[in-house]
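A.B. asks: Quick one: the structure is below, questions incoming.
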Amino acid sequence: MITDGGLRQIDKLIINSHNLSLPNPPYLTFLLFPLKLMSIPLILASASPARKKLLQMVGIDPIVRVSNFDESTINADDTLHLVQTLAQCKAQTIAPQFDTGLILGCDSVLEVAGEVYGKPKDKSEAIDRWQKMRGQVGVLYTGHALIDRVNNQTLTRCGITKVHFANISDETIIAYVDTEEPLKCAGCFALEGKGGLFVERLEGCHSNVIGLSLPLFRQMLTDFGYQITDFW
C-alpha cells in the first residue's frame, strides 16, 4: 500500500520532470496527465492484405476476421447494389462473434463495357479480360458496410472510381498475368502493385481502387457519431 507520503514522492518525480508546480492534494496529478482510453476495436471482415494495410497507414490496426461468405448466392440488378449487398453480407456473417466494436465489410468489382469482373478463376481468364480491358475506361465499385455492434446499426455505401487503362501489348499482358498478381485482385489488377504501371489515370478516389475508400470510411464513421481518432 502506498501512503500519502509515497504518493507525494511519486508526484514530485512526475512534476519535476515537466517543470511544473506540485498540485495539492496529490491525486490531482492524474488530472494533469490523464490516461489515454482504450481505442474502439475495428473488425475487418476481409482477407485482403491491401485493405488491412490501408487502415494501418492511417493509424488503425484492425482485428481481421475472414467471413468466407459464399458470394455466388447473391444476385443483384445493378453493380452498385451488388457490391453493397456483398459487403453487408460479409460484415453480418462475422457480427455474432463480437459484442462491441465496429465491423467493416467491403467488396470490389470492375465494370468494363457492361461486363462485371471480380477475381479471375485462372490465367486464361485473366488474359482474356486484359485483352478486353486494355485501352478502355473501367469503373471500379467498392461496396462498404459498417456495423456498430453496440447500437446495432448498419450503414452501407459505395465508392466509384473511373480507371483509364493503358493500351498494352499481348506480350505485356501475358508477362503480367504470369506474375499471378492479377489472379488475386478484383478486376485483374493491383493498383498498388505491378498493375499500377498499366493505369494511365484515375477519376475519383485512389484508395477506393485498392479496396477501401478512406474518405468514404471516415464519413461513415462520422455518420455513426465517431471520429477517426477514436480508433487510434
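A.B. asks: For a 22 Å ceiling on Cα separation, which of these pairs sit above it: Lys52/Lys184; Lys53/Lys90; Lys90/Lys132; Lys90/Lys123; Lys132/Lys184?
C.D. replies: Pairs exceeding 22 Å: Lys90/Lys132; Lys90/Lys123.
A.B. asks: Using only the Cα atoms of segment 49-95, what semi-axes does the equivalent ellipsoid have when each is the square root of 5 times a gyration tensor eigenvalue? Give whole Å, largest first.
C.D. replies: Equivalent ellipsoid semi-axes, largest first: 24, 13, 8 Å.
A.B. asks: Fewest Cβ neighbours within 10 Å first, please rank Thr229, Thr161, Thr85 accordingly.
C.D. replies: Ordered by Cβ neighbours within 10 Å, fewest first: Thr229, Thr85, Thr161.
A.B. asks: Right, another one. With label points built 7 Å along Cα→Cβ from the Cα atoms of Asp223 and Asn151, find their separation and express it in nm.
C.D. replies: 1.2
A.B. asks: Right, next: Taking the Cβ of each residue in Met133, Met220 as the centre, tally the other Cβ atoms inside 10 Å and list the residues starting with the fewest.
C.D. replies: Met220, Met133
A.B. asks: Cα centroids of segment 181-211 and segment 106-136: how far apart, whole angstrom?
C.D. replies: 12
A.B. asks: For segment 37-231, restrict the atom set to alpha-carbon positions and state the Rg and Dmax in Å.
C.D. replies: 16.9, 55
Values in this text are rule-based calculations from the coordinates and carry no lab data. Predicted model, so just to flag it, every value in this text is computed and none were measured. Please note: Cβ atoms are built from the backbone with ideal geometry, for glycine as well, and neighbour counts cover all protein chains shown.
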